[in-house]
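Visitor: The structure under discussion is supplied below as C-alpha cells; questions concerning it will follow.
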Amino acid sequence: MQKLIFYLFICFPLSLSAQINESDTLRTKASLSLTGFYQEGNVQTKIFRAESEVGFRPWEKAVFKTNNSYVFQEFGNQKADEDVLSLNFLYLDPEKKFHPFLLGFVSTHFRRQIDLRLLTGGGMTYQILESGSEWLKVSVSVEYEQTDFASRDFNRDEYDGSREINTFRGTIWISGRYQLFSNSMILSHESYYQPSLEKRNNYRWRADLKLELPIWEFLNFNVNYLRTFERVVIENQKQKDEILTFGFTVKSF
C-alpha cells in the first residue's frame with residue numbers, strides 16, 4: 001500500500017495552479033501547488049514540493065509576476081534535492097504587442113552543487129498571437145549572471161580553480177498556449193536558449209511541454225515533459241536532465 005501511495009504522489013501529483021499571462025486585465029491573480037510524501041520503516045522517504053505564482057498590477061500600465069518554488073527530497077536519510085527557484089518579472093505596457101520587461105532570478109540546485117545563482121537584466125517581448133486564452137510570445141533579454149558552486153572542478157578545464165562563474169548572457173524565450181479540438185485539449189510550452197555573451201562554450205537551454213485534457217471547468221488531466229541542458233557543470237556530472245510526469249491541475253482562475 002505504501003508503494004502504491006508513493007507512485008500516486010510521484011506520477012499523479014495534484015496541484016493548484018494556472019499559467020498567468022501578463023497581458024490579462026485582472027488586477028491580481030494567484031496560484032499555489034503543494035505536494036508531499038512521507039514514509040518510515042524499512043525505507044525512509046521524504047518528499048515535499050511547493051510552488052506559488054502571483055501576478056498583480058503595481059500601477060495601471062505595469063504587471064509584476066513572481067513564481068517561487070521549493071523542492072526537498074530525501075531517501076534513506078540521504079538528501080537528494082533541496083532547491084529554491086524564484087523568477088520575478090516586471091512587465092511594462094503588457095497589453096501592447098511590443099513591451100519591455102525587467103527580470104531578477106534567484107536559485108539554488110543541490111544536485112548540480114549550485115550554492116547560489118543570481119540573474120538580473122531586462123528585455124523585450126513580442127506577442128505574435130493573442131486571442132482570449134491562447135497566445136504565442138517571443139522574448140529577447142540580456143542578463144548578468146553570478147553563480148557560486150560548491151566545487152572548483154568543472155567539466156571544462158578553463159573554469160577550474162574558482163567556485164564562482166560570472167558572465168553576461170543573452171536569452172531567447174518562446175512560450176505559447178493553444179486550445180485544440182474545440183477546447184478538448186490544451187497544449188502549452190515554454191522554452192529558452194541562454195548562451196554566454198563572453199564564452200562560446202558556456203550555454204544552457206530548457207524545454208517544457210504540457211498537454212492538458214479538461215475534465216471539468218477547474219480540473220485538467222495533464223502530461224508534462226521537461227528537458228534541460230547545461231554546458232558547464234561540475235566534473236563527472238551529467239549535462240542533461242529530463243522528466244516525464246502525469247498529474248492533475250486544479251485551476252484557481
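The values are calculated or read from the model by the stated rules, or taken from the named source; none is laboratory data. The structure presented is a predicted model; accordingly, all values stated were derived computationally and were not measured. Every residue, glycine among them, receives a Cβ derived from its backbone with ideal geometry; neighbour counts consider all protein chains shown.
Visitor: Which ones in region 70-101 are within 23 Å of GLU53 (Cβ to Cβ), among the polar types (S, T, N, Q) and touching a residue at least 24 places away in the same chain (Cβ under 8 Å)?
Guide: GLN73, ASN88
Visitor: Counting just the residues of region 40-80 that are among the hydrophobic types (A, V, I, L, M, F, W, C) and surrounded by fewer than 14 Cβ atoms within 10 Å (Cβ to Cβ), which one comes out farthest from LEU90 (Cα to Cα)?
Guide: So the first thing to find is which residues in region 40-80 are among the hydrophobic types (A, V, I, L, M, F, W, C), and the list is 43, 47-48, 50, 54, 56, 59, 62-64, 71-72, 75, 80.
Now drop any that are not surrounded by fewer than 14 Cβ atoms within 10 Å (Cβ to Cβ), which leaves 43, 59.
Details: VAL43: 45, TRP59: 11 Å.
Ranking the qualifying residues of region 40-80, first place goes to VAL43.
Visitor: Out of the residues in region 28-39 that are at pLDDT 70 or above and under 18 Å from ASP81 (Cα atoms), state the one that is surrounded by the fewest Cβ atoms within 10 Å (Cβ to Cβ).
Guide: Of everything passing the filter in region 28-39, TYR38 is surrounded by the fewest Cβ atoms within 10 Å (Cβ to Cβ).
Conditions tested, residue by residue: (1) under 30 Å from SER133 (Cα atoms); (2) at pLDDT below 80; (3) among the hydroxyl-bearing types (Ser, Thr, Tyr).
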position	(1), (2), (3)
TYR192	yes, no, yes
LYS199	no, no, no
ASN202	no, no, no
ALA207	yes, no, no
TRP216	yes, yes, no
ARG227	yes, no, no
GLN237	no, no, no
PHE248	yes, yes, no
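Visitor: For region 201-227, name all the residues that are surrounded by 15 or more Cβ atoms within 10 Å (Cβ to Cβ), part of a strand (DSSP E or B) and not aliphatic (A, V, I, L, M).
Guide: Within region 201-227, TYR203, ARG204, TRP205, ARG206, ASP208, LYS210, GLU212, PRO214, ASN220, ASN222, ASN224, ARG227 qualify.
Visitor: Additional query: State which residue pairs qualify: first residue more than 28 Å from GLN73 (Cβ to Cβ) and inside region 41-61, second residue modelled with pLDDT under 80 and assigned to a strand (DSSP E or B) in any location, beta carbons under 9 Å apart, and separation of 6 or more residues or different chains.
Guide: GLY55/THR28; GLY55/LYS29; GLY55/ALA30; PHE56/THR28; PHE56/LYS29; PHE56/ALA30; ARG57/THR28
Visitor: If you take the residues in region 172-190 that are in contact with a Leu (Cβ under 9 Å, 6 or more places away or on another chain) and crowded, with 16+ Cβ neighbours inside 10 Å, which one is farthest from GLU134 (Cα to Cα)?
Guide: Checked region 172-190; the qualifying residue farthest from GLU134 (Cα to Cα) is GLU190.
Visitor: Need pairs with beta-carbon distance below 6 Å; first residue touching a residue at least 12 places away in the same chain (Cβ under 8 Å) and within region 106-121, second small (Gly, Ala, Ser) and part of a loop (DSSP other than H, G, I, E, B); sequence gap 6+ or separate chains.
Guide: GLN113/ALA150; GLN113/SER151; ASP115/ALA150
Visitor: Counting just the residues of region 89-105 that are farther than 17 Å from GLY170 by Cα and in contact with a Ser or Thr (Cβ under 6 Å, 6 or more places away or on another chain), which one comes out modelled with the highest pLDDT?
Guide: Applying the filter and picking the extreme gives HIS99.
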